[in-house]
Amino acid sequence: MLRIELSSTGDTNSLAKQHIDQMDSLQTTYLSKMLSNLSSNDVRTKMVSSIKTLDKLSIDELYEYLLRLDLNSKSLAERLKNERVSGADLVNFNEDDYKNCSITYGEKKKLQLLIEQKQTNLNAQLVVPISNASDSTQMQSEINRLKAIIQEQEQQIQEKNASVQQLEDITEKQEQQTQLQDAIIKQLQEALKTQSEEMQVLIDLSQEHRSLVLSSQNSSAK
């Protein structure tokens, strides 16, 4: 019987988890991009007031947040917005909710990373250590440092997203191979069934022919 060997998805899932775990450490730093748009005089006030935990985001705020986080998440953000999903809804998502919103494996992992973020962690990493709020030179230096970090982390995030997409493509191809294997096995089973039926017909004809020959021989003997 024809066999099609399929590679195990275990290694694929393990590699995907490894990439996504690495993205977790990049997520918080990426959020500090908002610092580049704030003036040095009111950075502390605006920054603290603009930080919200995920469960506090409205439908529109969640949509805008996902777009700022990753432009490649536009399709995901629009789906969540169309389904009227707020930050609080997303935090309480279950498996059925992910399926109802047609969320892929990679997208699901990205969202789960967001859900795991803690406001205390965000505040601790986003608030710039300033001993004197009026020291604009120190503030500008810190902003420049964060900009350099963000630029590097954005590139790494894009690379991780590309890796996740490749793994999704591999998984999809494996599923297609499985479907092809099932189809081939079904065809072989049907072919064997047909051959078996044809063989039975030949056996029946052979037995009938033999019976006729024996009957003819007996008649001749009499």
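FYI, it's all coordinate maths here, none of it is from the lab. Quick caveat, the model's predicted, so the values are computed rather than measured. Every residue, glycine among them, receives a Cβ derived from its backbone with ideal geometry; neighbour counts consider all protein chains shown.
Quick one: 3J(HN,Hα) in Hz for segment 73-80, Karplus 6.51/-1.76/1.60 with θ = phi - 60°, rounded, Gly and Pro as x.
Using θ = phi - 60°, the values come out as 8, 4, 4, 4, 4, 5, 4, 5 Hz.
In this model, which of LYS74/LYS108; LYS99/LYS186; LYS81/LYS110 are farther than 18 Å apart at the alpha-carbon?
LYS99/LYS186
Work out from phi, with θ = phi - 60° and the Karplus expression 6.51 cos²θ - 1.76 cosθ + 1.60, the ³J(HN,Hα) of each residue of segment 200-207, listed in order in whole Hz, and give x for Gly and Pro.
5, 4, 4, 5, 4, 5, 5, 5
Using a 10 Å cut-off around each Cβ, can you sort MET199, MET139 from fewest to most neighbouring Cβ atoms?
MET199, MET139
For LEU90, what charge total do you get from the other residues with a beta carbon under 9 Å from its beta carbon, if Lys and Arg give +1 and Asp and Glu give -1?
-3
What is the distance in Å between the Cα centroid of segment 173-204 and that of segment 75-91?
Spelled out, the Cα-based centre of one part sits 46 Å from the other.
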